[in-house]
């Protein structure tokens, strides 16, 4: 009599073999395997499984790890699992055929005494380093901080700040580890030609803002506020740098060189602090300055501003955004004065002969520290000889916005559809600036013909365009004709996958894409 055959299953494999198999499957497959038996349930709860999943499916793909400022070693198995699942779901949604928010938290501002309606939202911004749970709004000249937990439980007012005169503009600190959260500009009460610039820190325990530093200056010199990073604020045109430490005793103001072309059509569009340098994007050129350093001993700047390089183009740009992606490795802290080891991308919106386009320029890192001809100092990057990619857009596109990990959007007017009905809407068109390794793993959704891909280099970033609208707000034809849209402000926190939008009726929506 022949012995009976016993069918072997995966349950018969040794645990170390199963763990090896688990290391090669996707995050969603690990969760599915967990539901098949008690053995696999316990195995998929091991910390090693999720440490490997974070490294293989998140970090190796160039995706940011949510809320990982303390490093992976400080997280338990459950915390690692939550971060791996969160990052994977955000990536899958953003790259799907119909990316859409999974949840939305809506709330409205309070009416100001004497007004029939709530004030219009002029700005809505995420606070850096707060995992997307804190936003600040500027409406009716009042700054308000809100806590919007990731569980979607609601929105809670944390603090308010009202100045004697209305607040005109706010900027948030781009340094996630700094204790000063934001800066704002307000007109001087006695002299309309003067303005005050203040910095504030947010005390979430006591529920209040605390003033940290202030400076009074001429409006023509410091408007607008471009960017705040650490103790420095870049503002005005020509560019002015303010060192905000209170010990500067009013001496922390440094004026940069004026516009070399001397043209009024060469205004500053974007400014960013990158690796010991300041990158300035103007309408007709970019400028790379060496970052001046502050000497606390001498209460003055050590070195003056130095123009390291510049590059001109023919057609004036109307908007620009700088994408310098954060490192996906949470356990590796980049040096503050080190240029990124991957390309820095600039997206510039131009109009040429009636055609609207977005052009991509990539600044590759000069890792070998080669001396570039025509420059007295060694540049941290290799200057682009031309654009890398060009993308046609509609004339109504505006408000180019990008987050710290490369995801972003612009706003345009388009037709949206709901229940087989089409209507005009203000739509958010999403994109993602990814490295070459990530781009090779994803199917391209943007044109790559010879007329759009001008200079293709293996180390250049790739501009991935979302296939569908990531958000749509219905508008009537009067808004389209007058170009006075209800949607007023928007911002993105792309590490956790959140977008905040505000409108002229005082309503704010926080959209979760996970």
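The values are calculated or read from the model by the stated rules, or taken from the named source; none is laboratory data. Remember, it's a predicted structure, so these values are computed and weren't measured experimentally. For neighbour counting, all protein chains shown are included, and Cβ atoms are generated from backbone atoms with ideal geometry for every residue, glycine included.
Of everything in segment 493-510 that's assigned to a strand (DSSP E or B) and over 15 Å from the mean Cα position of the chain (by Cα), which residue is surrounded by the fewest Cβ atoms within 10 Å (Cβ to Cβ)? Walk me through how you get there before you give the answer.
Filtering segment 493-510 for residues assigned to a strand (DSSP E or B) gives 493, 498-503, 507-510.
Next, from what is left, pick out any that are over 15 Å from the mean Cα position of the chain (by Cα): 502-503, 507-510.
Numbers: 502: 26, 503: 20, 507: 16, 508: 23, 509: 19, 510: 25.
Per the stated criteria, the residue is 507.
Could you grab me the full set of residues in segment 445-478 that are at pLDDT 85 or above and crowded, with 16+ Cβ neighbours inside 10 Å?
Step one: list which residues in segment 445-478 are at pLDDT 85 or above, which gives 460-477.
Selection gives 460, 461, 462, 463, 464, 466, 469, 470, 471, 472, 473, 475.
Scan segment 179-202 for residues that are free of Cβ contacts under 8 Å to residues at least 40 places away in the same chain, surrounded by 13 or more Cβ atoms within 10 Å (Cβ to Cβ) and either under 24 Å from the mean Cα position of the chain (by Cα) or under 22 Å from residue 67 (Cα atoms) (or both) and report the count.
Residues in segment 179-202 being free of Cβ contacts under 8 Å to residues at least 40 places away in the same chain, surrounded by 13 or more Cβ atoms within 10 Å (Cβ to Cβ) and either under 24 Å from the mean Cα position of the chain (by Cα) or under 22 Å from residue 67 (Cα atoms) (or both): 2 in total.
Among the strands (runs of 3 or more DSSP E) lying completely within segment 121-178, list those that include at least 1 residues that are in contact (Cβ under 8 Å) with a residue 60 or more places away in the chain.
By residue number, 121-126, 134-139, 142-147, 169-172.
Could you tell me how many of the residues in segment 127-140 are more than 18 Å from residue 64 (Cα to Cα) and modelled with pLDDT under 90?
Residues flagged as more than 18 Å from residue 64 (Cα to Cα) and modelled with pLDDT under 90 within segment 127-140 amount to 1.
Check 85, 124, 148 and return the single one that is modelled with pLDDT of 95 or more and either loosely packed, with under 15 Cβ neighbours inside 10 Å or within 22 Å of residue 406 (Cα to Cα) (or both).
124
Are any of the residues in segment 238-261 closer than 19 Å to residue 346 by Cβ and modelled with pLDDT of 80 or more?
Yes, some residue in segment 238-261 is closer than 19 Å to residue 346 by Cβ and modelled with pLDDT of 80 or more.
Please go through segment 394-411 and pick out each residue that is under 15 Å from residue 359 (Cα atoms) and outside any strand (DSSP E or B).
394, 395, 397
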